[in-house]
Amino acid sequence: MRALQLTDVGHLELVERPLPEAASGEVLVDVLACGLCGTDRHIVRGEYPSRMPLVLGHEFGGRVRWSAPGSSWAPGDLVSVDPNISCGGCADCRAGRVALCPDRHALGVDIDGGLGEVVVVPETQLYAIADVDPLHLAFVEPLACCLRGLDLAELSGGESVAVVGGGVMGQLTVQLATRAGASRITLVTRQAAKRELAERLGATDSCTPGEADGLSRTFDVVFECAGATETVTQSMSLARRGGSVILLGIPPEGQTIPVSPFTLVVDELRVQGSFLNPVTQARAADLVGSGVLDLDPLISRVLTLSDVEQALSTAPSGGDIKYVVRPAEME
Ligand code: NAP
């Protein structure tokens, strides 16, 4: 089988290697699609801790190739994969806060992930999914992270919502907020193509970060989906008094922003981090499987394994949203 292996910081190698072997409680999955994400870029540059050598890729799904006798999974089953593996036994896991497990590790970050033709996956990480376009399997994991943000926002319908950042997280959040009954959804992002796309996908309006300066204290809920300190600061200014700011974007570790504790208190602002996909993966698989989300416009390029090194070493082209890799496809 072929796999794209990170052998050292900045060094990706397309290797031919024997099929991996699955141990008890694991299955082999033929990877049909794997999304590339900003975290993959950070790992390649050595800016995000990972094991090496490593097969990257944490947004993937495929078909079960092999399962042990007695397994609840059978060859041919279409599955999405939750890459985040928690211990299940620590105080956080037992309290349902699995994303905070100190022993959490992930396929594509600490153990081999989806940028190979075949991957070993613990059975606990598999979710059945309806017969969808295989490329859509790459959206289940990021969608599960957005669903977590939606859960924390507690939308009940009729709210005014701002989404800051027009990448895949922002575009998925726009679609989720639409379905949650928000009365106004404003996407704030720099690139015009991303604003236009969001308006096609359900945003009622959109604007640039500069234009959004005029919308201070306007929105019931603000989803920060860009991950820069300036966008976090702007998100906090957009929420109305008594409103909520849900932080999904992940700014570089160590960066800080000035915050007025006075304003937080007297405006009763709720600022809530939302990390990963605890218990939302099954719903995300069902949602992708249902076909109600508009995912095709989010796919900017479909790549083979041979294209990935170049795609990860250069900035995405303007307006591009998501690159999806088909590992079994030959260039
Ligand atoms: P992305 O494709 O890079 O999208 C981020 C968007 O933010 C960009 O398209 C950019 O669009 C916009 N943006 C606005 N102002 C910006 C600024 N000052 N600097 C940089 N970008 C700016 O990323 P993504 O995949 O959608 O992910 C968004 C964030 O969520 C990232 O930080 C990612 O690490 C994080 N994330 C978090 C979770 C979680 O569980 N919390 C899960 C997945 C990803 P314009 O150029 O149009 O402005």
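Nothing in this text is a laboratory measurement; each read-out follows from the coordinates by a stated rule. Quantities reported herein were computed from a predicted structural model and do not represent experimental measurements. Cβ placement follows ideal geometry from the backbone for every residue including glycine, while neighbour counts extend to all protein chains displayed.
Some values worked out for this structure:
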item	result
For region 73-149, size of Cβ-based charge dipole, Lys and Arg +1, Asp and Glu -1, in debye	420 debye
Global form of region 16-118, assessed from the alpha-carbon gyration tensor, a/c cut-off 1.5	oblate
Net charge dipole size for the chain [Lys, Arg +1 and Asp, Glu -1 on Cβ; Debye, nearest 20]	660 debye
Counting DSSP beta bridges with both ends in the chain, the antiparallel % (nearest 5)	55 percent
Packing-based ranking, highest mean first, of 179-190, 3-14, 311-322, 283-294 given that Cβ atoms within 10 Å are counted	179-190, 283-294, 3-14, 311-322
Computed FRET value (nearest 0.05) for residue 130 with residue 230, which takes r as the C-beta separation and R₀ as 45 Å	0.65
Structure-based [θ]222 nm, the chain - -39500 (n - 2.57) summed over DSSP H runs of at least 4, per residue, nearest 500	-7000 deg cm²/dmol
Gain in span if fully extended, residue 241 to residue 16, counting 0.36 nm per residue against the direct Cα distance	75.3 nm
Rough spin-label spacing in nm, given labels placed 7 Å along Cα→Cβ, for residue 314 and residue 42	2.4 nm
Relative packing of 84-97, 219-232, 253-266, 164-177, which averages over residues the other C-beta atoms within 10 Å, highest first	164-177, 219-232, 84-97, 253-266
Relative contact order (percent, whole number), region 146-273, Cα cutoff 8 Å, 6+ residue spacing	23 percent
Relative contact order, percent, region 1-86 [alpha-carbon distance under 8 Å, six or more residues apart]	30 percent
Calculated FRET efficiency for the pair residue 286/residue 196, C-beta based, R₀ 25 Å, to 0.05	0.30
Simple spin-label estimate for residue 265 and residue 68 in nanometres, 7 Å along Cα-Cβ	5.7 nm
